[in-house]
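What follows is a single structure, written as structure tokens, with notes after it.
The values are calculated or read from the model by the stated rules, or taken from the named source; none is laboratory data. Please read these numbers as outputs of a predicted model, since none were measured by experiment. Neighbour counts run over all protein chains shown; Cβ positions are idealised from the backbone, glycine included. The area values use the complete protein model at the heavy-atom level, side chains included, leaving out ligands, DNA and RNA. Shrake-Rupley method; radii C 1.70, N 1.55, O 1.52, S 1.80 Å.
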Amino acid sequence: MASALVTCRNGMGTSTMMTVQVRDVASKNGWDLDVSHSSLDGVGSFNGDVVIALNDVAADLKKEYPNKKVIGITNMMDANEIEQKLKPIMEC
């Protein structure tokens, strides 16, 4: 099972809504993906497969955590974008 952490600056609104979208995309595609969410404070201790955030936050995370796989999302309500960006990770 793969694991993903959806994060935003405060870990409440954006990450909660995007978590629902990521879970829906994973379910639709039959991907075995454990999805959790947190504020940025949780990223350092996350040892899973991928961190997902909006593009502005993702850019900062890529600099701060160069060894973590980070995906940046432009529109958190766009299931197609989420699917296209997760597919290479889930199907490798």
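Would you confirm, using the coordinates I've provided, whether Gly48 is among the small types (Gly, Ala, Ser), part of a loop (DSSP other than H, G, I, E, B) and either without any contact (Cβ under 8 Å) to a residue 24 or more places away in the chain or surrounded by fewer than 16 Cβ atoms within 10 Å (Cβ to Cβ) (or both)?
no
When only residues in segment 19-78 that are in contact with a strand residue (DSSP E or B) (Cβ under 8 Å, 6 or more places away or on another chain) and of a type in the set (Ser, Thr, Tyr) count, which is farthest from Ile89 (Cα to Cα)?
Ser39
Identify the single condition in (1) in contact (Cβ under 8 Å) with a residue 40 or more places away in the chain; (2) surrounded by 18 or more Cβ atoms within 10 Å (Cβ to Cβ) that Lys28 does not satisfy, given that it satisfies every other one.
(2)
Tell me, please, whether a residue that is more than 21 Å from Asn75 (Cβ to Cβ) and open to solvent by less than 30 Å² (accessible area, probe 1.4 Å) can be found in segment 16-24.
no
Please count how many residues of segment 21-43 are assigned to a helix (DSSP H, G or I) and either within 13 Å of Leu86 (Cα to Cα) or within 11 Å of the chain's Cα centre (by Cα) (or both).
9
Identify the single condition in (1) among the basic types (Lys, Arg); (2) open to solvent by 60 Å² or more (accessible area, probe 1.4 Å); (3) assigned to a loop (DSSP other than H, G, I, E, B) that Lys85 does not satisfy, given that it satisfies every other one.
Only one criterion is unmet by Lys85, namely (3).
Looking at segment 1-20, which of the residues that are over 21 Å from Tyr65 (Cα atoms) and in a loop (DSSP other than H, G, I, E, B) is modelled with the lowest pLDDT?
Among them, the one singled out is Met12.
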